[in-house]
Amino acid sequence: MKEFRFDLQATDGTARKGVITTPRGEIRTPAFMPVGTAGTVKAMLPESVRETGADILLGNTYHLMLRPTAERIDRLGGLHRFMNWDRPILTDSGGFQVMSLAGLRKLDEHGVRFKSHIDGSMHDLSPERSMEIQRLLGSDIVMCFDECPALPASEEEVATSMRLSMRWAKRSKAAFGDRPGHALFGIQQGGVTEHLRAESAEALQEIGFDGYAVGGLAVGEGQEAMFGVLDYAPGMLPEDKPRYLMGVGKPDDIVGAVKRGIDMMDCVLPSRSGRTGQAFTRAGVVNIKNARHADDPRPLDEACGCPACSSYSRAYLHHVFRSGEMISGMLLTWHNLRYFQDIMAGMRDAIAAGTFAQWEAAFHDGRAAGDIDPL
């Protein structure tokens with residue numbers, strides 16, 4: 001069996017290009033992971049997700065433990081077989097979702113006791129239980145269990161939360177055990193306070209992980225503050241391990257994160273936006289619901305090769321969205337996922353060629369120009 005391994009192939013400034021090797025296949029970095037919350041990327045077939053260029057998907061521990069349950073998925077052969085995706089899967093720990101249940105949870109040193117948002121039933125989630133669920137799911141990359149406070153929060157609150165997460169990280173590592181071919185990532189916390197980020201990074205490296213995430217961002221602090229943290233936080237983590245920024249984000253967030261040394265990202269934005277009529281293009285954001293598209297025969301994005309752009313007009317996409325047809329969400333989601341993967345491929349090529357600064361300038365210039373020439 002192949003071991004989990006990360007090879008750094010090229011750098012351009014602090015931007016990095018590499019490859020993560022897993023028994024289920026290689027992950028080209030920088031990588032964007034589409035989110036398959038409940039065992040599916042909404043509005044997409046697994047083979048369609050792969051066609052967009054995705055090497056890895058993200059599954060959600062919280063949602064899958066509630067329905068259909070990790071035990072059922074395990075009995076049915078694991079998450080890969082269950083959802084018909086034979087490439088790598090990363091599962092989050094459930095901590096972020098539990099954070100959003102502030103009114104339905106009780107948190108202590110042991111873990112979190114919370115009410116299901118589905119039926120109100122009570123559940124316990126701890127480092128040990130999170131590791132057990134992710135083992136039953138069969139995920140290739142497992143995230144340690146953490147607590148993520150919403151920002152803004154006081155420095156004292158962030159410090160208390162971060163230190164609890166570091167104790168949970170140690171318990172997660174012990175519960176994860178020895179699983180050849182599977183990886184466990186630690187999660188750096190500390191809000192927007194540099195010395196707390198440094199303390200967290202040091203604690204995680206003392207424990208030792210296969211990769212490291214920058215957690216606790218994209219939770220209300222704004223892009224400027226997020227980039228401020230990313231100016232120093234990735235550099236606190238080992239250079240020879242993957243660095244994952246959780247829950248990010250918009251195209252310019254992604255480019256800014258890679259520029260600052262991030263290797264992996266995930267976000268629901270491409271699929272969620274597709275279902276609500278919003279498309280990301282090289283010339284900015286297009287709201288296909290707008291009446292200006294009703295008679296427009298041109299493609300959504302002339303440089304894109306996805307089915308939405310190669311086979312359908314803006315007028316058609318506008319029509320099916322306004323008519324409430326399912327194909328609207330399918331086509332726009334496919335386009336958005338393809339666009340996000342095209343961004344990643346463009347950055348990988350630019351880093352390898354040593355032209356990342358030029359690529360970044362062209363990326364921003366294109367988006368600043370606005371939508372493709374209006375009629």
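Read-outs throughout are calculated quantities, based only on the coordinates presented, and are distinct from any laboratory measurement. What you are looking at is a predicted structure, and each value in this text was computed from that prediction instead of being measured. Ideal geometry is used to build each Cβ from the backbone, glycine not excepted, and the neighbour counts take in all protein chains shown.
Details
- Subset of 42/289; 106/241; 259/289; 115/170 violating a 29 Å alpha-carbon distance limit: 106/241; 259/289
- The angle between the Cα long axis of helix 356-368 and the main principal axis of the chain comes to about 60°, on a 0 to 90 degree scale.
- Cβ-derived FRET efficiency at R0 56 Å, residue 122 paired with residue 365, nearest 0.05: 0.60
- FRET efficiency for the residue 47 to residue 268 pair, using the beta carbon distance and R₀ = 30 Å, is estimated at 0.90.
- Antiparallel %, DSSP beta bridges [both residues in the chain], to 5: 50 percent
- Here the Karplus curve 6.51 cos²θ - 1.76 cosθ + 1.60, taken at θ = phi - 60°, turns the phi angles of region 301-311 into couplings of 9, 5, 9, 9, x, 6, x, 4, 8, 7, 10 Hz, with x standing for Gly and Pro.
- Lone cysteines, the chain (no partner Cβ under 4.7 Å): 144, 148, 267, 306
- Applying 1/(1 + (r/R0)^6) with r as the Cβ-Cβ distance of residue 107 and residue 345 and R0 = 41 angstrom yields a FRET efficiency of 0.50.
- Of all the options 250, 259, 17, the one that moves most in a Gaussian network model of the chain with Cα springs shorter than 10 angstrom is 250.
- Rounded Å value of the spacing that divides the Cα centres of region 224-278 and region 152-210: 18 Å
- Rounded if a/c under 1.5, otherwise prolate or oblate - the chain, Cα gyration tensor axes: prolate
- Nearest 10 degrees, 0 to 90: helix 155-176 Cα axis against the chain principal axis: 80 degrees
- Karplus 3J(HN,Hα) series, Hz, for region 115-121 with 6.51 cos²θ - 1.76 cosθ + 1.60 (x for Gly, Pro): 8, 5, 6, 7, 9, x, 5
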